[in-house]
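Contents: one structure, followed by commentary.
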Amino acid sequence: MVNVKALCEPEVGNCQANVIMGTGSVSSPLLVFPQPGPETSLMTGAPVDDEDATVNKIALELCTFTLAVALGAVLLLPFSIISNEVLLSLPRNYYIQWLNGSLIHGLWNLVFLFSNLSLIFLMPFAYFFTESEGFAGSRKGVLGRVYETVVMLMLLTLLVLGMVWVALAIVDNNKASRESLYDFWEYYLPYLYSCISFLGVLLLLVCTPLGLARMFSVTGKLLVKPRLLEDLEEQLYCSAFEEAALTRRICNPTSCWLPLDMELLHRQVLALQTQRVLLEKRRKASAWQRNLGYPLAMLCLLVLTGLSVLIVAIHILELLIDEAAMPRGMQGASLGQVSFSKLGSFGAVIQVVLIFYLMVSSVVGFYSSPLFRSLRPRWHDTTMTQIIGNCVCLLVLSSALPVFSRTLGLTRFDLLGDFGRFNWLGNFYIVFLYNAAFAGLTTLCLVKTFTAAVRAELIRAFGLDRLPLPVSGFPRASRKTQHQ
């Protein structure tokens, strides 16, 4: 008789390594920022030498690793939920014996470790490395930059360590807590990551409701709307008319007595040509895509958003009644024993879809907010500092996603490893106010977005936008266009 457990246990470590390496290989193509070439710099776009190219290449590799960790953090909770349902459905299958609690627990610990490593060491190192020039009087080169970066990183570590020590002394005036601060690995890093995760959860609280409201407008721009809501023929006519007018001004610059900026006019013509090509593609869309795709997409977004708010509202009531609804950590990953959803496998699939949907919405809301709009990456126009800032923000958002999902009650899967050791997770008032704030902000954003969008679409559908009347709620730019 072959001992299946003895055969599978030595492969758990190999499975963890394979999953982590696979995550890194998948996330490397996701780095959509421009790659450093031998002739241009990611910092200024000016010609650079081999030293700057090497520095940019090392910084981009660190950013790629950080994005791989962020992708692993996003997939962590969905993979755990699906693994539990697979073990429930096929408990004695020989081919899934490698999928066990120790593997899942190890993945959670690895993601926590690499998140700490990326946020506290790798990303600060990449930033200081790109900004460094070497110490004065030292030999120029990559090694001199490394020395300066290491010194700056050590000073930053001492500064953060001192600030955390002072904060702990103020919050908890206990000798044991101050002595435990010297245990850097067991107490300091988890506490620091707990603060970063709390900031990430607060950032998700602000960005996710905004993103849920923005998802409707973003989807509307990507899909072809029905003819009742969009007149492509009129848009094509206006675009062709503006392009012809600008082309005539470029061909006859002497006809205008004002000085013309020819470069600006050429850019406007190119933008109008691109817009006209996109409008032509949208006009050639099939009737099924036009009349069925847009309503179905809007309906799916509405159902997912409403379901998210409903689950959070139910979780608020459960917090008032049952203490077991509080988020907590689980030391041993006992998978395959009980389903974490009352609807079984179907409920688990809904949980996974909602987690991914809220993550995408949070990213959309993050880049739509006025505070972080300047960080939005642009094709061939993104500096190295912006790339590092994007990687840090995406890692903070993704690493806080498991805590965010469990705090809102989107899943019953308890947090594993150090993710469940955050002190603020046991505070009833913080968890309750967080759920209430999320439900209130999401409802407010949706009501405001839908009332404004429906008002504007009805005005366009009935042709009231063509009347020279001060219609409230209609976009100001369109009224200016009509007057012109």
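Every number in this text was worked out from the coordinates using simple rules, so none of it is lab data. Everything quoted here is computed from the prediction, not taken from an experiment. When we count neighbours, we look across all protein chains shown, and the Cβ atoms used for this are built from the backbone with ideal geometry, even at glycine.
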* Spherically averaged projected area of the stretch 312-412 from its Cα convex hull (nm²) -> 9.1
* Asked: Spin-label point model (7 Å from Cα, Cβ direction): what's the residue 250 to residue 97 distance in nm?
  -> 7.0
* **Additional length obtainable on full extension of the chain from residue 271 to residue 307, 0.36 nm per residue less Cα span** => 9.0 nm
* Sequence-distant or interchain residues sharing an amide H contact under 5 Å with residue 415, placed H: which? -> 328, 330
* Amide H neighbours of residue 409 under 5 Å, at least 5 residues apart or on other chains, H built in the peptide plane: list them. => none
